[in-house]
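The values are calculated or read from the model by the stated rules, or taken from the named source; none is laboratory data. What you see is a predicted model, and the numbers here were worked out from it, not measured in a lab. Please note: Cβ atoms are built from the backbone with ideal geometry, for glycine as well, and neighbour counts cover all protein chains shown. For the accessible areas, the whole protein counts, side chains as well, though only heavy atoms, and no ligand, DNA or RNA atoms are used. Shrake-Rupley method; radii C 1.70, N 1.55, O 1.52, S 1.80 Å.
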Amino acid sequence: MARWGMVIDLDTCTGCQACTIACSIENNVPPPDPDGSDDHRPFTWMRLLPWIGEESPEAAGRMFPRPCMHCDDPPCTKVCPVDATNIDREGIVRQIYPRCIGCRYCTTACPYTVRYFNWKTPSWPEPLEESLNPDVSIRPAGVVEKCTFCHHRLQRAHDTAAAEGRELQEGEYMPACVEVCPSQSMFFGDLDDPDSAVSRRSRTTRAFRLLEELGTKPKVIYLRKGE
Amino acid sequence: MSRPPATPTPTARIAFVVAFIVVFVLGLFVWPLLSGQEIAQPLEFNHLAHAEYDIECVDCHTYVFTGLDPGLPDNAVCFDCHEEVIGESPAELLLIEWLQREEEIPWRPLYLQPAHVFFSHRRHATVGELECSVCHGDFGQMEQPPTSAPRKLTMDECIDCHAETEVDDDCTSCHR
């Protein structure tokens, strides 16, 4: 069974935000509206954080893509009182929307703040509402949502492989953000496969994880600036 | 000085009880009949007549082995066989009229999933090799189009079947 992970190369990332847009379109995340913005409530599953890397005079402004880390030891799943969030066999931390009661313990427990509460029923400006992804549900008000590594794509890939009576091949499953990245700074694959692109990159000296000291064991791995 | 609370007269009591019973009975028995989901199809489609010619479900419900939703047939599917009148049924004459008007026939689905359910027909029909009749009953024997789903499908039934057959019943397989 694969253990899916992502590698993001901060050296080649241009901060174009294509991943943010691709994610929102793929996963039916509504665009921010003026009312919500006043309350600081719009969200995107893939957010680009501004980051100043070095001190002056060589200060370099960078953007830092931040999806859900899909921790191997996620703090969010432990606090859910109704088992609406858990980690599946392939390492994806998922959210079961119809089961979520909206208590928001998980949003508080997540050290990466990548869980978002729906304060109101999502809406899209015309004509975007007619181009929603039919493979992903629209989350109602009162439930928490998060990046799923586009696991509907994984299910589809699994179904295709099963229907054709074969194993899942590398590259058949890829989240929308990785697929769209124009500078090819994002890699996705099986971390347990020593030969996969993500696995090889995760073992280099450039690799680091966010808030590693917390012991959450994130499966999103960043590559710092090269030598 | 405050007035003593009004005591209902015996007539008022009887009127209340009668009104309660009438509303209760209406709500329990009559309302479901009136609001029943009687689904009328635009044509009297005869499943049996088609099944007798060894036409499989997938021939008309094209995506049953490949998609989430098996789909209802579009005009082109009917046109393949019914370009000209080939039988004697009045429904076929109506069908030919629809086809000649070049207007898609508005077939009405009997099974509609809630927005948070993603039931994959491919996963069940192709990977699980289930017969259509396991969930849908014997549609192939029906001469008249049913006005409601012959079998109500609930999550309990999904879970029971998955437990019996020892197939994974992961939440996000259907709720994602």
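Of the residues A:C71, A:C76, A:C100, A:C106, the single one that is modelled with pLDDT of 95 or more and under 22 Å from A:C19 (Cα atoms) is A:C71. Residue under question is A:A176, and the condition is that it be more than 14 Å from chain B (Cβ to nearest Cβ), at pLDDT 95 or above and closer than 27 Å to A:D193 by Cα; does it hold? It is true that A:A176 is more than 14 Å from chain B (Cβ to nearest Cβ), at pLDDT 95 or above and closer than 27 Å to A:D193 by Cα. Residues in the stretch B:132-140: is at least one closer than 24 Å to A:R153 by Cβ, open to solvent by less than 80 Å² (accessible area, probe 1.4 Å) and more than 12 Å from every other protein chain (Cβ to nearest Cβ)? Scanning the stretch B:132-140 turns up no residue that is closer than 24 Å to A:R153 by Cβ, open to solvent by less than 80 Å² (accessible area, probe 1.4 Å) and more than 12 Å from every other protein chain (Cβ to nearest Cβ). Exactly one residue out of B:D80, B:D74, B:D54, B:D59 is surrounded by 14 or more Cβ atoms within 10 Å (Cβ to Cβ), more than 14 Å from every other protein chain (Cβ to nearest Cβ) and more than 16 Å from the chain's Cα centre (by Cα): that is B:D59.
Could you grab me the full set of residues in the stretch B:141-167 that are open to solvent by 80 Å² or more (accessible area, probe 1.4 Å) and either in contact with a Lys or Arg (Cβ under 6 Å, 6 or more places away or on another chain) or within 14 Å of chain A (Cβ to nearest Cβ) (or both)? Break it down into steps so the answer makes sense when it comes.
The initial filter retains those residues of the stretch B:141-167 that are open to solvent by 80 Å² or more (accessible area, probe 1.4 Å), namely B:141, B:143-144, B:151-153, B:155-156, B:160, B:164-166.
B:M155, the sole residue that qualifies.
One residue stands out in the stretch B:36-51 among those that are within 21 Å of B:H121 (Cβ to Cβ) and not aromatic (F, W, Y): the one that is surrounded by the most Cβ atoms within 10 Å (Cβ to Cβ), namely B:H47.
Evaluation of B:I105 against the conditions (1) within 30 Å of A:R139 (Cβ to Cβ); (2) crowded, with 16+ Cβ neighbours inside 10 Å; (3) among the aliphatic types (A, V, I, L, M); (4) touching a residue at least 24 places away in the same chain (Cβ under 8 Å) shows that the sole unmet condition is (1). Annotation: B:A115 fulfils all but one of (1) loosely packed, with under 11 Cβ neighbours inside 10 Å; (2) more than 14 Å from chain A (Cβ to nearest Cβ); (3) among the small types (G, A, S); the unmet one is (2). Pairing residues of the stretch B:118-132 that are under 12 Å from B:D69 (Cβ atoms) with residues that are assigned to a loop (DSSP other than H, G, I, E, B) and hydroxyl-bearing (S, T, Y), at Cβ distances under 6 Å and at least 6 apart in sequence or on separate chains, gives B:R122/B:T66. The test for being away from chain A (no Cβ under 14 Å), open to solvent by less than 90 Å² (accessible area, probe 1.4 Å), among the charged types (D, E, K, R) and more than 21 Å from the chain's Cα centre (by Cα) does not hold for B:E97.
If you go through the stretch B:19-35 and keep only what is open to solvent by 80 Å² or more (accessible area, probe 1.4 Å) and at pLDDT 85 or above, you end up with B:F20, B:I21, B:V23, B:F24, B:L26.
Among the residues here, B:D170 qualifies as surrounded by 14 or more Cβ atoms within 10 Å (Cβ to Cβ), charged (D, E, K, R) and modelled with pLDDT under 90. The test for being surrounded by fewer than 16 Cβ atoms within 10 Å (Cβ to Cβ) and either within 20 Å of the chain's Cα centre (by Cα) or without any contact (Cβ under 8 Å) to a residue 60 or more places away in the chain (or both) does not hold for B:R176.
If I filter the stretch A:5-23 for residues that are at pLDDT 95 or above, more than 18 Å from the chain's Cα centre (by Cα) and among the β-branched types (V, I, T), do I get at least one hit? Looking through the stretch A:5-23, none of the residues is at pLDDT 95 or above, more than 18 Å from the chain's Cα centre (by Cα) and among the β-branched types (V, I, T).
Here A:R115 meets the list (1) within 18 Å of A:P74 (Cα to Cα); (2) basic (K, R); (3) away from chain B (no Cβ under 14 Å); (4) out of contact with any helix residue (DSSP H, G or I) (no Cβ under 6 Å at 6 or more places or on another chain) almost entirely, failing just condition (4).
Being over 22 Å from A:A197 (Cα atoms) and among the small types (G, A, S) is the filter; apply it to the stretch A:148-169 and report the residue that is farthest from the other protein chains (Cβ to nearest Cβ). The extreme case among them is A:G165. Beta carbons closer than 8 Å, at least 6 apart along the sequence or on distinct chains, never pair a first residue in the stretch A:209-227 that is over 22 Å from A:S196 (Cα atoms) and modelled with pLDDT of 95 or more with a second that is in a loop (DSSP other than H, G, I, E, B) and among the polar types (S, T, N, Q). In the stretch B:83-93, the condition of being surrounded by 15 or more Cβ atoms within 10 Å (Cβ to Cβ) and in contact with a Cys (Cβ under 6 Å, 6 or more places away or on another chain) is met by no residue. Note on the stretch A:16-62: residues that are surrounded by 19 or more Cβ atoms within 10 Å (Cβ to Cβ) and closer than 18 Å to A:L210 by Cα amount to 3.
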